[in-house]
Amino acid sequence: MAAHGTDAYPHGGDGTGGGRPGADQDTHPHGADRLCGAADRVYARAVRLGRVPRADAAAVPCLVDLGLLHPDPDDMDLLVPTAPQEVMARLLRGVHEEVSASRNRVGAAVAAVEWYAGLGGDRVRPAAESTAIRVLDGLPRIRAAMDQATQACTSEVLAVQPGGIRREDELREGLHRGLEMRRRGVRMRDLYTHVARHGQGLHTYMELMGDAAEARTLDEVVERLIVFDRSVAFIPANTDRTMALEVRHPALVEFLVVVFERLWRLGVPLGAALPATGIEGITHRERSIAALLAEGHQDAVVAERLGISVRTCRAHIARLSETLGAASRTQLGVRIAQAGLDGPPGSGPAGGPLPVTSPSTPPPASAASTAPPAAVGDRPGSPTGL
């Protein structure tokens, strides 16, 4: 659901109500999530009545362009609406693709920075460059830089925390820093994997932080990231997180904020239940594992991305094989594709519920925190303990 852009144009409507509350009456954004007032009224009427005359939609061609309305095969003078559930599934697939592309761009950006930094050898860099992107080598320097950023923070902290359940001793040790930030009016938003919601310590911590902190979870998230006041960001610079990049370049910080916000939109609030998979006997986690297996990842990679142990991951794969009636890993890959489990959640055939399969019946062939130190070094006692 993207906006029209600078070529937005007004057009007339019937002036009647009945549309989505808050729909813009004057502009015409080209996106299914931000329809203009006239388009919103026509689509709402089509959903309510099941169809509308083609003439009623003449003033809002965006509805046909966006696939929200299409001709009625029985009467070409009528237009019928695309089901809202199908529109939502299509939009979620688009957002998932954008997030995947953004994640790849983050990795490419870090690799490019390291490559270009190596070209200069030991020569002294200009002051502007050294302050825009600074390499922090070793945990002491990382801790000092993050503590400084924490103390200077006045409004907002955004954090991405991959991995599984957060250790309760880390949460307890960092609680006083989190409460101090709350006292200064700093608001915190944190993204975790779904596995983290199984740790009681995180729930207790969020209760103590009250409305100053909010957490959401996803099947998987990007590498560790923490942004203070949208002006300085910290990301790991090597695999064991003993080096970090302190980023103060406005364009790069803004890019990282956009990545966070897109992930945040997809996240499930910590206190809400995870969405159903649409297939009896398959859990949300097994649904995520199936999608990663379909991408060709090995068990260890799948476990790391979902924040679980390899042993737990293989137990889920065994249950998935049993549910889908697969006798081998090769056959499991085929069954995953046939059941429509090879894409993001909500991407079943035609955007509807995924087909139900059973071991005895093959699927039809046509089925389609703010924890600055933890952000790079996993050190207990972070500013907020997350």
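Local charge for E214 was computed over the other residues whose Cβ lies under 10 Å away, with Lys and Arg +1 and Asp and Glu -1, and equals +1.
With all protein chains kept in place, the per residue accessible area of segment 270-319 amounts to 50 square angstrom at a probe of 1.4 angstrom.
If every alpha-carbon in segment 184-225 counts as one equal scatterer, what log10 I(q)/I(0) does Debye give at q = 0.19 1/Å? Here the Debye-derived log intensity ratios amount to -0.60. Residues with amide H under 5 Å of L78's amide H, sequence separation 5 or more or different chain, H placed in the peptide plane at 1.01 Å from N; which? Answer set, sorted by chain and number: R54, D72. Applying 1/(1 + (r/R0)^6) with r as the Cβ-Cβ distance of L49 and S155 and R0 = 45 angstrom yields a FRET efficiency of 0.40. Computed on the Cα trace of segment 68-116, the radius of gyration divided by the Kirkwood hydrodynamic radius gives Rg/Rh = 1.43.
Per-peptide packing, taken as the mean over residues of other Cβ atoms within 10 Å, places 282-293, 302-313 in the sequence 282-293, 302-313 from highest down.
Ordering V253, A212, W264 by Cα displacement along the dipole of segment 206-296 toward the positive end leaves V253 in first place; charges were set at the Cβ atoms of Lys, Arg (+1) and Asp, Glu (-1). Using Cβ point charges alone (K and R +1, D and E -1), the dipole size of segment 210-254 about the Cα centre works out to roughly 180 debye. Each residue, A111 and R141, gets one label point 7 Å from its Cα in the Cβ direction; the gap between the two is 2.4 nm.
Rolling a 1.4 Å probe over the heavy atoms of the protein chains gives segment 140-234 an accessible area of 43 Å² per residue. Could you work out what % of the accessible surface of segment 178-317 is carbon and sulfur, using a 1.4 angstrom probe and leaving DNA, RNA and ligands out of the count? So the carbon and sulfur contribution to the accessible surface is 53 percent.
The values are calculated or read from the model by the stated rules, or taken from the named source; none is laboratory data. These numbers come from a predicted model, not from an experiment. Ideal geometry is used to build each Cβ from the backbone, glycine not excepted, and the neighbour counts take in all protein chains shown. SASA here: full protein model, heavy atoms, side chains in, ligands and nucleic acids out. Shrake-Rupley method; radii C 1.70, N 1.55, O 1.52, S 1.80 Å.
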